[in-house]
Amino acid sequence: MARVLITGSSDGLGKMAAQLLVEQGHQVVLHARNQTREKDAMAAVPGAEAVVIGDLSSIKQTRAVAEQANALGAFDAVIHNAAVGYREARRVVTEDGLSHVFAVNTLAPYILTALIHRPQRLVYLSSGLHQQGDASLRDLGWQERSWHAQQAYSDTKLHDVLLAFAIARRWPGVFSNAIEPGWVATKMGGRSATDDLDQGHRTQVWLAVSDDAAAKVTGQYFYHMRRHPAKAVTGDIAIQEKLLEECRKLSGVELPG
């Protein structure tokens, strides 16, 4: 039995992953943005151990989520599932002056990775759209560029793969991988999505808890429980390090060595 934390688990793929883990007999800690969502999460996933609460668009609240998680004890795995999609019609600015999409999709996973006691496994949800992400890492907050919602989302999903691979390299004792759940009909994906929803949550669960040799790897990108090629630039150490440094400067949080 493993103990797993899943961010963004009050609905969508996060909720589905949590439900499957509970069915398999694992201990699951959920995450919700606020107290209303906390009630939704606990109702949707009977048998979950607890819920940590905090809005991941806020650096202060993301730090608080990490503190709550650490107070609950050690985790075997953390699934970084929480994300906002590509439909924001304008650049939404957070309380920290950052792009909302970047704050939730990129900076929050970095902060939580740095502050939560190191688990044995880390899983970061990316997207096939990471292939369109801008690897220059220029203007991460979209302060200079004209807003383009899908490009902003694609950039952050590239960041998630870079983060997963950087952690795999820096923390050799941890299995750190990124996954592509597919374009599935969740609230984020929309009704026109064409991939198999039933497959959308299974790879992250498998990577988090399975004893299969194929799941006990690191620095890999998966689609439907199979290794899949990520954008070539995600293996570039200089770009990985540049992203880590930008996240450190923006958050004030140091990634442990």
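Some points to look at:
- Positive contributions from Lys and Arg (+1) and negative ones from Asp and Glu (-1), summed over other residues with Cβ under 13 Å from the Cβ of Ser146, come out at +1.
- Between Asp236 and Ala74, the contour length at 0.36 nm per residue exceeds the Cα-Cα span by 55.2 nm.
- Candidate lysines for bridging to Lys242, where Cα separation is under 19 Å - those fewer than 8 sequence places away on the same chain excluded: Lys157, Lys231
- This model, with +1 at the C-beta of Lys and Arg and -1 at the C-beta of Asp and Glu, gives the chain a dipole about its Cα centre of some 120 debye.
- Sum of -39500 (n - 2.57) over DSSP H runs of 4+, divided by residues of the chain (222 nm, nearest 500): -11000 deg cm²/dmol
- To put it simply, the accessible area of the range 1-85 at a 1.4 Å probe is 47 percent carbon and sulfur.
- Sorting 135-143, 117-125 by their mean Cβ neighbour count within 10 Å, with the most densely packed peptide first, gives 117-125, 135-143.
- A simple spin-label model places pseudo-atoms 7 Å from Cα toward Cβ; at Ser210 and Gln24 they are separated by 0.8 nm.
- His26 accessible area, 1.4 Å probe, all protein chains in place, Å² to nearest 10: 30
- Accessible area of the range 194-257 belonging to carbon and sulfur atoms, whole % at 1.4 Å probe: 50
- Near Val22: Cβ cut-off under 11 Å, other residues only, Lys/Arg at +1 and Asp/Glu at -1. The net charge is -1.
- Kirkwood-type radius of the range 119-173, with distances r between different C-alpha atoms, in Å: 12.2
- For the chain, accessible area per residue (1.4 Å probe, heavy atoms of protein chains only), Å²: 42
- Listed residues Ser10, Pro229, Gly200: farthest to the positive end of the dipole of the chain (Cβ charges): Pro229
- Placing dummy labels 7 Å off each Cα toward the beta-carbon, the span from Arg118 to Met42 is 3.4 nm.
- Alpha-carbon centroid distance for the pair the range 103-140 / the range 52-99, whole angstrom: 11
- Projecting the Cα positions of Gln61, Leu243, Tyr110 onto the charge dipole of the chain (unit charges on Cβ atoms of Lys, Arg, Asp and Glu, taken about the Cα centre) puts Leu243 furthest along the positive direction.
- Residue-span extension gain [Ser146 to Glu254] - 0.36 nm each, minus C-alpha spacing: 35.8 nm
The values are calculated or read from the model by the stated rules, or taken from the named source; none is laboratory data. Keep in mind that this is a model prediction, so the values were computed, not measured. Methodologically, a virtual Cβ is constructed for each residue, glycine included, from the backbone with ideal geometry; neighbour enumeration extends over all protein chains shown. Only protein heavy atoms, including side chains, enter the accessible area calculation; ligands, DNA and RNA are left aside. Shrake-Rupley method; radii C 1.70, N 1.55, O 1.52, S 1.80 Å.
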